[in-house]
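See structure below.
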Amino acid sequence: MKLRILLTGKRGQIGAQLAALLPRLGEIAAYDRNELDLSNPDHLRRAIQDVQPNMIVNAAAYTSVDQAEREEKQARIVNVDAPGLMAEEAKRIGALLVHYSTDYVFDGSSSVPYLEIDKPNPINVYGKTKLAGEEAIRAVGAPHLIFRTAWVYGATGRNFLLTMLRLATEREELKVVRDQFGTPTWSHEIAEGTVKVLEQLAQQGREAISKFGGTYHMTAGGKTSWFEFAKGILAEASRMPRGITWFETATKGQVLLTRRITGIATEEYPTPARRPAYSVLSNSRLKLNFGLKLPAWSLQLRAVFAEGRING
Ligand SMILES: NC(=O)c1ccc[n+]([C@@H]2O[C@H](COP(=O)([O-])OP(=O)(O)OC[C@H]3O[C@@H](n4cnc5c(N)ncnc54)[C@H](OP(=O)(O)O)[C@@H]3O)[C@@H](O)[C@H]2O)c1
């Protein structure tokens with residue numbers, strides 16, 4: 001039987017990758033914000049009832065971490081109320097809900113990778129709404145998968161990689177935070193990992209979902225700081241040939257000016273939202289239950305530049 005999949009957030013970093021890969025599993029009805037606004041509960045409910053999907057994949061979210069500090073109400077509508085409603089509808093029609101969450105549900109006081117069983121304690125509004133979204137889904141009791149990921153980037157979208165490439169064309173020196181540790185993860189690998197998990201579950205049938213459902217950490221391997229990540233980005237960028245479409249867009253065709261990258265402390269770069277100092281996630285549950293291990297962050301970074309070369 002061909003699966004019917006409803007995808008939200010199809011123009012987001014992860015959503016766009018999922019829109020390309022999910023057709024491997026079945027027929028997809030994919031929506032962007034204009035076609036399906038998560039802050040309109042009637043519209044959301046109606047869309048699910050019209051499509052009658054076997055799977056709802058929610059890649060939409062309120063993701064502006066700093067802006068959320070002053071827009072908590074809007075962040076809650078999208079990150080808590082909408083996933084809760086999706087879970088209710090999923091339960092009613094017997095669909096699986098696939099949802100994404102974040103390393104920012106943790107406070108960063110650990111010094112070893114966080115497990116799914118570790119107690120969350122978000123320190124900013126975005127993290128609080130994402131945790132409340134997870135809890136809303138669990139409370140409904142619909143079959144679900146929640147993938148917590150981290151530091152998402154890719155060749156398109158709003159992300160740290162593209163910000164660094166833009167700044168590198170504008171400034172001779174970049175100052176980047178050196179005392180926050182996490183794992184940059186390429187949006188494409190998250191979508192690929194998601195589809196691999198769903199393929200396994202689809203093959204195994206309904207009991208597999210009750211056995212293997214729940215919350216999983218899904219990030220690249222390893223750990224780094226924003227400072228080291230920025231250095232890696234500029235090292236890759238300095239080797240890029242001209243004429244690669246995504247890279248030309250990211251740099252507006254300008255030459256890279258940056259000669260020095262300096263590591264700074266978090267206090268030297270104040271932001272409206274606090275960030276955890278350490279948010280590395282252990283992916284051992286993903287490996288144990290699905291045999292899945294995403295490549296190390298440095299290999300993923302290299303692959304983004306290499307893919308651009310092939311596709312551009
Ligand atoms: N980005 C990260 O570093 C990161 C880290 C950890 C976890 N995550 C999680 O991963 C998931 C995907 O994140 P991402 O990086 O792909 O985010 P993204 O690129 O910001 O994509 C989110 C998408 O959601 C859409 N959206 C926002 N409000 C909406 C609404 N009211 N109705 C419908 N669509 C709406 C956005 O549309 P517009 O473009 O029109 O705003 C955007 O296309 C989220 O659950 C996020 O919390 C992300």
Acute angle (nearest 10 degrees) that the helix 41-51 long axis makes with the longest principal axis of the chain, alpha-carbon atoms = 70 degrees
What is the helix-to-structure angle for 125-140, meaning the angle in degrees between its Cα long axis and the longest Cα principal axis of the chain, kept from 0 to 90 and rounded to the nearest 10?
-> 20 degrees
Which value, in Å², gives the accessible area per residue of the chain when a 1.4 Å probe is used on the protein heavy atoms?
-> 46 Å²
Along the Cα-to-C-beta direction of Arg92, a point sits 7 Å from the Cα; which residues of segment 39-71 have their amide N less than 19 Å from that point?
-> 39-58
How big is D for the chain, in µm² s⁻¹ as a whole number, if Stokes-Einstein is applied with the Kirkwood radius of its Cα pairs at 25 °C and 0.890 mPa s?
-> 123 µm²/s
Convex hull over the Cα atoms of segment 1-113, averaged projected area in nm²?
-> 8.5 nm²
Within the chain, the percent of DSSP beta bridges that are antiparallel, given to the nearest 5, stands at 5 percent
Divide by every residue of the chain the summed helix terms, -39500 (n - 2.57) for each DSSP H run of at least 4, and state the resulting mean residue ellipticity at 222 nm, rounded to the nearest 500 deg cm²/dmol.
-> -12500 deg cm²/dmol
Tell me the label-point distance for the pair Gln49, Lys287, using the 7 Å Cα-to-Cβ offset, in nm and rounded to one decimal.
-> 4.6 nm
Report, to the nearest whole %, how much of the accessible area of the chain belongs to carbon and sulfur atoms, 1.4 Å probe, protein only.
-> 50 percent
Could you state the angle between the C-alpha long axis of helix 297-311 and the longest principal axis of the C-alpha atoms of the chain, as a value from 0 to 90 degrees rounded to the nearest 10?
-> 90 degrees
Here the alpha-carbon Rg of segment 222-312 over 2.2 N^0.38 Å rounds to 1.36
At a Förster radius of 25 Å, what calculated FRET efficiency corresponds to the Cβ-Cβ distance of Thr249 and Tyr269, to the nearest 0.05?
-> 0.40
Looking at segment 204-290, which trypsin sites (Lys or Arg not before Pro) are in a loop (DSSP not H, G, I, E or B) and have at most 15 other Cβ atoms within 10 Å?
-> Arg239, Arg242, Lys252, Arg259
The alpha-carbon pair-distance distribution computed for segment 163-225, with 5 angstrom bins and whole-percent values, is 4, 13, 15, 15, 15, 12, 8, 6, 6, 4, 2, 0
Round to a whole angstrom and tell me the spacing of the C-alpha centers of segment 70-138 and segment 34-66.
-> 15 Å
Pairs of alpha carbons in segment 137-191 whose separation is greater than 18 Å (percent) = 53 percent
Net charge, Val80 excluded, C-beta distance under 14 Å - Lys, Arg +1, Asp, Glu -1 = -1
Grab the beta carbon distance between Gln204 and Lys2, set R0 = 22 Å, and tell me the FRET efficiency rounded to 0.05.
-> 0.80
What is the set of long-range amide H partners of Lys293 at a cut-off below 5 Å, with H atoms built 1.01 Å from backbone N?
-> none
From the phi of every residue in segment 268-282, what ³J(HN,Hα) in whole Hz does the Karplus formula 6.51 cos²θ - 1.76 cosθ + 1.60 yield, where θ is phi - 60° and glycine or proline is x?
-> 7, 10, x, 10, x, 9, 6, 10, x, 6, 9, 9, 6, 10, 6
So which lysines pass the test for Lys175, namely a Cα distance under 16 Å, with those fewer than 8 places away in the same chain ruled out?
-> Lys231
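The values are calculated or read from the model by the stated rules, or taken from the named source; none is laboratory data. All of these numbers come straight from a predicted model, not from anything done at the bench. Neighbour counts are summed over all protein chains in view; Cβ atoms, including those assigned to glycine, are modelled from backbone coordinates with ideal geometry. These area figures cover heavy atoms from the full protein model, side chains too; ligands, DNA and RNA do not enter into them. Shrake-Rupley method; radii C 1.70, N 1.55, O 1.52, S 1.80 Å.
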